[in-house]
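Q: Would you mind keeping the following structure in view while I ask a few things?
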C-alpha cells in the first residue's frame with residue numbers, strides 16, 4: 001500500500017493510474033487485515049479486551065478506530081481523484097501509524113514478552129550512554145544524506161525516463 005501510493009505521488013500517466021487501481025485493492029486487503037487482528041486479538045487475550053472495551057478507556061481509545069475509518073475513506077476518495085498525488089501516500093502513513101498505535105496500546109507496557117516490562121528489558125545505563133554518544137554522531141550524517149537524496153530525487157519521474 002505504501003509503495004503503491006508512493007508511486008502515485010512520484011509517477012505520471014499510465015503507471016500512476018495503474019498504481020491508483022492497485023492501491024484501492026491493497027487498501028481493501030490492508031483494512032481486512034486490520035479488522036481481523038482488531039477483532040481476533042481481544043478475543044484471545046482478555047486483558048487486551050479489557051483495555052479497549054472497559055469504561056472509561058473506551059472513550060479515550062475510540063478515536064483510534066474512528067480515525068482509521070476516516071483515513072481509509074479519505075484514501076479511497078483521493079485515489080479516485082486525478083488531481084490528488086501526495087494525499088494518498090500521506091494518509092496511508094497515517095493509517096499505518098494508527099495501526100501500530102493500536103498495537104502499542106494493546107500490549108503496553110509488556111512490549112517484549114508479557115512477563116517482561118519495557119523497563120525490565122532496557123539495557124544498563126552505561127550501554128545506553130555509549131549508544132547515545134554514537135547516535136549523536138551518526139544521526140546527523142544520516143539526516144544530511146537523507147535530505148540530500150530527497151533533494152536529488154525530488155519531483156515526478158516522467159514516463160519516457162528510465163532504463164528501457
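Here, each number is a calculation from the coordinates, and none is a lab measurement. All of these numbers come straight from a predicted model, not from anything done at the bench.
Q: Please express the shape of region 74-132 as an equivalent ellipsoid: the semi-axes are the square roots of 5 times the eigenvalues of the C-alpha gyration tensor, given largest first in whole angstrom. Don't jump to the answer; show the numbers that get you there.
A: Numbers: eigenvalues 296, 53, 5 Å².
In descending order, the three semi-axes are 38, 16, 5 Å.
Q: Let me ask something else. In percent, how large is the relative contact order of region 30-148, given Cα pairs closer than 8 Å and 6 or more residues apart? If you can, show how the numbers build up before the last one.
A: Values: 49 pairs, mean separation 18.6, N = 119.
Averaging sequence separation for qualifying contacts and normalising by length gives 16 percent for region 30-148.
Q: Specify which labelled value, from (i) 1.07; (ii) 0.98; (iii) 0.95, agrees with Rg/Rh (Cα atoms, Kirkwood Rh) derived from the coordinates of the model shown.
A: Recomputing Rg/Rh (Cα atoms, Kirkwood Rh) here gives the entry labelled (i).
Q: While we're here: Could you work out which residue, out of 92, 18, 146, moves most in a Gaussian network model of the chain, that is, has the largest mean-square fluctuation with Cα springs under 10 Å?
A: It is 146.
Q: Here is a follow-up. Just check region 107-153 against the gyration tensor rule for me: Cα atoms, a ≥ b ≥ c as the square roots of the eigenvalues, rounded for a/c under 1.5, and otherwise prolate or oblate depending on whether a/b exceeds b/c.
A: Details: a/c = 6.78, a/b = 1.92, b/c = 3.54.
Cα axes put region 107-153 in the oblate bin.
Q: Here's a follow-up. Do the sum for the chain: with -39,500 (n - 2.57) for every DSSP H run of n ≥ 4, divided by all residues, what is the mean residue ellipticity at 222 nm, to the nearest 500 deg cm²/dmol?
A: Details: 8 runs with 124 residues, N = 164.
After summing the helix terms and dividing by residue count, I get -25000 deg cm²/dmol.
Q: If you don't mind, there's one more thing I want to ask. Expressed as an acute angle from 0 to 90° and rounded to the nearest 10, what is the orientation of the C-alpha long axis of helix 63-79 relative to the principal long axis of the chain?
A: 10 degrees
Q: Please compute the length gained on full extension between residue 69 and residue 105, using 0.36 nm multiplied by the number of residues separating them and subtracting their Cα-Cα distance. Mind showing how you got there, number by number?
A: Working: separation 36, 0.36 × 36 = 12.96 nm, distance 1.78 nm.
In short, 11.2 nm is gained.
Q: If you line up the long axis of helix 87-107 against the longest principal axis of the chain, both from Cα atoms, how many degrees apart are they, to the nearest 10?
A: Result, in degrees: 10.
Q: Follow-up. For the chain, modelled as a GNM with alpha-carbon contacts under 10 angstrom, which of 43, 128, 16 fluctuates the most?
A: 128
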